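Enquirer: Before anything else, here's the structure in question.
The values are calculated or read from the model by the stated rules, or taken from the named source; none is laboratory data. Given the structure is predicted, the values throughout are model-derived calculations rather than measurements. A quick note on method: Cβ atoms are made from the backbone with ideal geometry, for glycine too, and the neighbour counts reach across all protein chains shown.
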Amino acid sequence: MKPIVVLATRNKDKVKELLDLLPDLPIDFKTLNDFPGAPEVTEDADTLEENAAKKAKSAALYCGRWALADDTGLEVDFLGGKPGVLSARYAGPDCSYADNNRKLLAALDGVPYEKRTARFRCAVALASAGGSTVIMEGRLEGFITREPLGSRGFGYDPVFAAAVSGAPPERGQGPARTLAELSPSEKNAVSHRAAAIRKIIPYLRRLPATQPGAPSPNNSADPPPAENGRRANGSAFGGKAV
């Protein structure tokens, strides 16, 4: 019997990307669409890590299964790290991806490329029904373009160019492309979400079919967290509370 892990989201774009990043695992993945009564979680925490943990714990408790959640933020240096934890609702509570991108580009109107540095940060949380949680982080450095470019991806992908060279991503100054111009496989090779998922996979590989214990990436009772990762809230992970 395979363990069941609930992807704690109803966002079809995020579900597709997560499943693309989690191939060949002996796990039966579900989403919140398989649990229509699962409550919506208000992402009102102060950090990405806290939001990811909140969503994972809520889904795990309701579904009685392991649950995986993420929260992602775009941090623009010229804007003092904004939109950050408010990235998904930067332009308002019911805004679209295009609304967010328009507001961001307007805030950076006239700002030269060398001052348009930014990064994506992604926090991924894996929670048990008992509330134990492990959290990993991934990040991707880059620049904000002057206009949306590309038709793939979602969110801020059309205005974020990964820093794949030392030159800013102005046309003719290097090979950098926006995430929306990359193929899914190209994006998944470099993205912030992919980096975080790679760190959580060792825990996923060792999940039991039921939940008598907590995920561990090795045979140690208290495994050390991976780089940029931490365990939280529960002796099963040997970590401190988030």
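Enquirer: Among the listed residues R177, R193, R206, R231, identify the single one that is out of contact with any Leu (no Cβ under 6 Å at 6 or more places or on another chain), at pLDDT 90 or above and either within 28 Å of R89 (Cβ to Cβ) or surrounded by 20 or more Cβ atoms within 10 Å (Cβ to Cβ) (or both). Can you show your working first?
Expert: Numbers: R177 fails: at pLDDT 90 or above; R206 fails: either within 28 Å of R89 (Cβ to Cβ) or surrounded by 20 or more Cβ atoms within 10 Å (Cβ to Cβ) (or both); R231 fails: at pLDDT 90 or above.
Residue meeting the stated conditions: R193.
Enquirer: Restricting attention to segment 35-57, which residues are surrounded by fewer than 13 Cβ atoms within 10 Å (Cβ to Cβ) and either assigned to a helix (DSSP H, G or I) or not β-branched (V, I, T) (or both)? Explain how you work it out, then say what you get.
Expert: At the first step, the residues of segment 35-57 found to be surrounded by fewer than 13 Cβ atoms within 10 Å (Cβ to Cβ) are 36-37, 39-40, 42, 44, 46.
P36, G37, P39, E40, D44, D46, listed by residue number.
Enquirer: Of the numbered conditions (1) of a type outside the set (G, A, S); (2) modelled with pLDDT of 95 or more; (3) surrounded by fewer than 20 Cβ atoms within 10 Å (Cβ to Cβ); (4) over 15 Å from the mean Cα position of the chain (by Cα), P112 fails exactly one; give the number of that condition.
Expert: The one condition P112 does not meet is (2).
Enquirer: Next question. When the residues of segment 1-20 are filtered to those that are hydrophobic (A, V, I, L, M, F, W, C) and surrounded by fewer than 19 Cβ atoms within 10 Å (Cβ to Cβ), which remaining residue is nearest to R206 (Cα to Cα)? Break it down into steps so the answer makes sense when it comes.
Expert: Filtering segment 1-20 down to residues hydrophobic (A, V, I, L, M, F, W, C) leaves 1, 4-8, 15, 18-19.
Adding the requirement that they be surrounded by fewer than 19 Cβ atoms within 10 Å (Cβ to Cβ) leaves 1, 15, 19.
Numbers: M1: 13, V15: 22, L19: 18 Å.
So the residue we want is M1.
Enquirer: Considering only segment 115-130, state which residues are over 20 Å from D157 (Cβ atoms), surrounded by 16 or more Cβ atoms within 10 Å (Cβ to Cβ) and not hydroxyl-bearing (S, T, Y). So that I can check it myself, show each step before the final result.
Expert: The initial filter retains those residues of segment 115-130 that are over 20 Å from D157 (Cβ atoms), namely 115, 125-130.
Then keep just the ones that are surrounded by 16 or more Cβ atoms within 10 Å (Cβ to Cβ); that gives 125-130.
Residues satisfying the conditions are A125, L126, A127, A129, G130.
Enquirer: Taking segment 92-112, which residues are acidic (D, E) and either in contact with a strand residue (DSSP E or B) (Cβ under 7 Å, 6 or more places away or on another chain) or within 20 Å of S151 (Cα to Cα) (or both)?
Expert: Applying the first criterion (acidic (D, E)) to segment 92-112 yields 94, 99, 109.
Hit for segment 92-112 is D99, nothing else.
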